[in-house]
Protein chains: 2
Amino acid sequence: MSLETILDLFTAHYRTAAVKTAIELDMFTAIATGANNVPDLAARCGAAERGVRVLCDYLTSIGLLTKEGERYILGPDAAAFLDTRSPVCFASMVSAMAGDTVLEGLRRLTPAVRAGGTVLPAGGVLAPDHPYWAEFARAVAPAGRFMGPLLATLLDVSGRGRMRCLDIAAGHGLYGIAVAAQNPQAEIVALDWPGVLTVARQHAEAAGVGDRYHTIAGSVFTEDLGEEYDLVLLTNFLPDFDATTCERLLARVYGALVPGGRAVALQYVLDDDRISKPVAAYLSLALLATTPGGDTYTFGDLDRMFRTAGFSQTELHELPPERVVIAHRSS
Amino acid sequence: MSLETILDLFTAHYRTAAVKTAIELDMFTAIATGANNVPDLAARCGAAERGVRVLCDYLTSIGLLTKEGERYILGPDAAAFLDTRSPVCFASMVSAMAGDTVLEGLRRLTPAVRAGGTVLPAGGVLAPDHPYWAEFARAVAPAGRFMGPLLATLLDVSGRGRMRCLDIAAGHGLYGIAVAAQNPQAEIVALDWPGVLTVARQHAEAAGVGDRYHTIAGSVFTEDLGEEYDLVLLTNFLPDFDATTCERLLARVYGALVPGGRAVALQYVLDDDRISKPVAAYLSLALLATTPGGDTYTFGDLDRMFRTAGFSQTELHELPPERVVIAHRSS
């Protein structure tokens, strides 16, 4: 038992703000490439020496940096994940987890707990074409780049010949793009808001699959989804909605699949006690703060939704840190 | 090395938001007094069941609560420090460390690092009579209640007979009040903004020393401080200013002391490497985000300031988690 534990919680938001600011100033890359004292960093990052000193000393105190004399050095976590030259740089993700929309939602968390859902205007991030999503798509692309090929492999798409894949709420698009990359006969249809599809299209062109990449701009609840899909991807999307809305959505998905087709939900899936693993613990709270009815679900919850929507069978797979539910439409 | 470490930093602000909301809804006290399942907590705290469930599951995931079936139980830290019935409840301090002014300052941390000081309007929290300080005085009163008697004892005020004590930026007033409580012949003059003095006056009356409690409303830089003080307290005040301003302030303090009098600075004092201990690490960053030139200082820095202002001798004392510098005016 310790008062320090409590004071650490009361000031935990300083950590997020500090690392976010250092990322926005690209300070980790600057340190890694030799601008490792206060004057050099200030010059390289366009910041005041006082600001740099205070920020870097703080980052040292929380273990991201070390200090030798006047020189700052990246710790191993910062070197691996926050230097933009790293192949596994995840720095951009801070703007998904701590961007202005999230900060405003959390600032109003108390009324959200009272109301049982977001008190942000117009349904929070579910407002049509909310600018959050294009920012989000760019921010979480490193996760998609990592997880996309793993998901495509799990789904064994390479050996299936001609196939049509609908990527709902495609975001950065990297899940559908991974399907196209592993199966040269796969045609991808990506659905999302117009500004988000711009990001997905860029990624598809960069991956060399642009000629098999088609898009539907708009809401998954109202646009014509097309039909005869062999595969429908729902990556990190169902948690944005309450269970009833999820069932309505899955019924539309069911209707768009060929007999024997598969709908695939990739997301954090809770254990039955509903207590998240630490790394995903923030997610339910984020959904409470920024959506009207979003939630994290157990496999039991998801299985019920898919079956209500008409699916005959579901499977649960591990794809750490997330999980995958594959639901089958009967042949 | 672990990506989880990075994602934990990116989402650390959720912890602060969650514990702050639970405190605002007095949820820890509610759980401790028997409203320990979702429906009972929702009714007691005036919140939606969905909001309560998500919040309490999150608080469980970060270790403040445990869950047995449907029942939430306070962990030892929450029971000691967040239940308002506890004699060492520090819950109110969250509004000093994560209130709206601080959140707004941190939201603009990147431009503050660029500028080398706050970009909040009118000098941030140093704007005349800023409402932050009355909130701050109420919020950090538990720390004053704990530290005040320790400081008064360290200063050995009880055996000194008649004495005049000036408490600069008195805030909650509990340092000066502790001097009055340990020395029945001490007269206290508390200086602060008018709204803050209301808080200090309430505490003085509650402590039964109101008849020896006098006030000066306004700025320490412009008001007549009076004279012939045996003791001047500067508790957690010098860090709000740059070194030059501190020296100017300390020269005024020197002039208000009797020969042989003491000026006393209680604050976090950095080691010479300037890397704060974790519990105080946030402070320099807070000062960067919310003041034009505030900073944390080493003992060497403070010694230099006091000597420049005319003091003949300084001593450093430990008063964990802070430190005390006692500066003497020659007899």
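The values are calculated or read from the model by the stated rules, or taken from the named source; none is laboratory data. Since this is a predicted model, take the numbers as computed values, not measurements. Because the Cβ atoms are built from the backbone with ideal geometry, glycine has one as well, and the counts that use them run over all protein chains shown. Just the protein is used for accessible areas: all its heavy atoms, side chains included, with ligands, DNA and RNA removed. Shrake-Rupley method; radii C 1.70, N 1.55, O 1.52, S 1.80 Å.
Shown in residue order for the stretch B:189-197 are the 3J(HN,Hα) couplings computed by the Karplus curve 6.51 cos²θ - 1.76 cosθ + 1.60 at θ = phi - 60°: 10, 9, 10, 5, 5, x, x, 6, 4 Hz (x for Gly and Pro). Between the stretch B:32-70 and the stretch A:247-307, the C-alpha centres lie 22 angstrom from each other. Rounded to the nearest 500, the helix-only mean residue ellipticity at 222 nm of chain B stands at -13000 deg cm²/dmol, with each DSSP H run of n ≥ 4 adding -39,500 (n - 2.57).
Amide H to amide H distances under 5 Å link B:Arg323 with B:Gln267, B:Tyr268, B:Val269, where only residues 5 or more positions off or on other chains count and H is placed in the peptide plane. Counting only Cβ charges, +1 for Lys and Arg and -1 for Asp and Glu, the dipole size of the stretch A:113-263 around its Cα centre is about 280 debye. A simple spin-label model places the labels of A:Thr66 and B:Glu223 4.9 nm from each other, with each point 7 Å out along Cα-to-Cβ. Rounded to the nearest 0.05, what FRET efficiency do A:Arg160 and B:Ser2 give with R0 = 45 Å and r taken as the Cβ-Cβ distance? Could you check? Calculated transfer efficiency: 0.80. Loop-located trypsin sites (Lys or Arg not before Pro) across the stretch B:143-195 with a Cβ neighbour count of 13 or fewer within 10 Å are B:Arg162, with loop assigned by DSSP. Of the residues A:Ala251, A:Ala127, A:Ala265, the one that moves most in a GNM of chain A with alpha-carbon contacts below 10 Å is A:Ala127. Counting only protein heavy atoms and a probe of 1.4 Å, the accessible surface of the protein assembly as shown is 52% carbon and sulfur. Placing unit charges on each Cβ (+1 for Lys and Arg, -1 for Asp and Glu) gives chain B a dipole about its Cα centre, and among B:Ala143, B:Cys45, B:Tyr58 the Cα reaching farthest toward its positive end belongs to B:Cys45.
Largest GNM mean-square fluctuation across B:Cys246, B:Cys45, B:Cys89, computed for chain B with C-alpha springs under 10 Å, falls on B:Cys45.
Between A:Arg304 and A:Ala206, the contour length at 0.36 nm per residue exceeds the Cα-Cα span by 31.4 nm.
Relative to one another, the C-alpha centroids of the stretch A:88-142 and the stretch A:1-25 are positioned 19 Å apart. Taking amide H atoms as placed 1.01 Å from N in the peptide plane, the amide H of B:Ile216 lies under 5 Å from those of B:Ala190, B:Leu191, B:Asp192, each 5 or more residues away in sequence or on another chain.
For the segment B:103-109, counting C-beta atoms of other chains within 10 Å of every residue's C-beta and taking the mean gives 5.
For the cross-link pairs A:Lys20/B:Lys67; B:Lys20/B:Lys277; A:Lys20/B:Lys20; A:Lys277/B:Lys20; A:Lys20/B:Lys277, the ones whose C-alpha atoms lie over 27 Å apart are A:Lys20/B:Lys67. Placing a pseudo-label 7 Å from each Cα along the Cα-to-Cβ vector at A:Ile73 and A:Leu319 gives an inter-label distance of 3.9 nm. Listed values for the stretch B:46-56 are Karplus-derived 3J(HN,Hα) couplings in whole Hz (6.51 cos²θ - 1.76 cosθ + 1.60, θ = phi - 60°), namely x, 10, 6, 4, 4, x, 5, 4, 5, 5, 5, and x replaces Gly and Pro.
Computed about its Cα centre, the charge dipole of the stretch B:198-255 is approximately 120 debye, with only Lys, Arg, Asp and Glu carrying charge at their Cβ. Close amide H pairs (under 5 Å, H built 1.01 Å from N) link A:Gln313 with A:His328, residues at least 5 positions away or on another chain. For the stretch A:303-308, putting each phi into the Karplus relation 6.51 cos²θ - 1.76 cosθ + 1.60 with θ = phi - 60° gives couplings of 4, 5, 4, 4, 5, 4 Hz, in residue order, rounded to whole numbers and with x for Gly and Pro.
Summing Cβ point charges (Lys, Arg +1; Asp, Glu -1) relative to the Cα centre of the stretch B:1-104 gives a dipole of roughly 160 debye.
What separates the A:Thr222 label point from its copies, with the point 7 Å along Cα to Cβ, is 5.7 nm, written shortest first. Scoring A:212-218, B:288-294, A:59-65 by mean Cβ neighbours within 10 Å over their residues and listing the highest first yields B:288-294, A:59-65, A:212-218.
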